[in-house]
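In what follows, a structure is listed as structure tokens, so that the remarks can point back to it.
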């Protein structure tokens, strides 16, 4: 049975919400109403977390789970209200809405993860709760930082720059020498279909156990997406625009620099965004086949063997954050450099 204080804590957020609804119905197109609903929902979720942690070694009462269901409904309604806000095409409000909805959705998933794993006493070896992952992250900061430097800074970035840069230059060369397009692209499709688990051991044999072999795997994975997308973008310029450049007596390089490459920028950035995720995946998988005693892939494989699943999830978190920030940085550059393109006007 719950004490009177506990019942008060659980009922307070819903009582405030009902009071607000009775005083003045929420305007679903108003940002302040959505903000109030979100704050009340967060307060209710916090009260549930407090009770769940107090009952860690017991089975929570069915009333608490009904309360969790009510909170999920409130979370759903809160996110729905944010998406229905009338922004009147104001950039500031648009940015607030575009940032708030993904944040609330991600926080909701973490909240449900925490509630279910703690409430049902899920064994840590199967699925640790987010707060245990956070504790492991805090305790292993220096180790995770060394792994990040080995995998992302050395292997991913170097392989990414070499793979994307060489793919771009070879695409320009192929466009200049047309017969290579028919001869090289089929080979490229064959190489891009090679499995990482088959390529990685060979690269380790060729380049050793350090980060150089992982960078070589990244080069192979990022080269052909950049090559194909750049060729597609270069060929996408219209015939009318090319005729106009021809009427101005432009040579090949002038047409390429002033017309065809600017028109290919969306395709090039699309390849860069795809490669930002492929590069990290390739480097981590390659580290399973031989690496020094550092690296994200090494950390995952060794900690799984030690049954330290919380450290494994902390490493996965570092990898996910690194990949997401890398992708976001490329998307930001794309927005600033291709704002003129029709595909960017409604973003």
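What to note about this one:
- For region 197-212, the criterion of a residue being within 25 Å of the chain's Cα centre (by Cα) and closer than 12 Å to residue 285 by Cα is satisfied by at least one position.
- Residue list for region 262-287, restricted to those being in contact with a helix residue (DSSP H, G or I) (Cβ under 6 Å, 6 or more places away or on another chain) and free of Cβ contacts under 8 Å to residues at least 40 places away in the same chain: 264, 267
- Residue within region 288-296 that is assigned to a helix (DSSP H, G or I) and modelled with pLDDT of 90 or more present: yes
The values are calculated or read from the model by the stated rules, or taken from the named source; none is laboratory data. The shown structure was predicted, so the numbers you read here are calculated from the model rather than taken from an experiment. We place every Cβ from the backbone using ideal geometry, glycine too, and count neighbours over all the protein chains shown.
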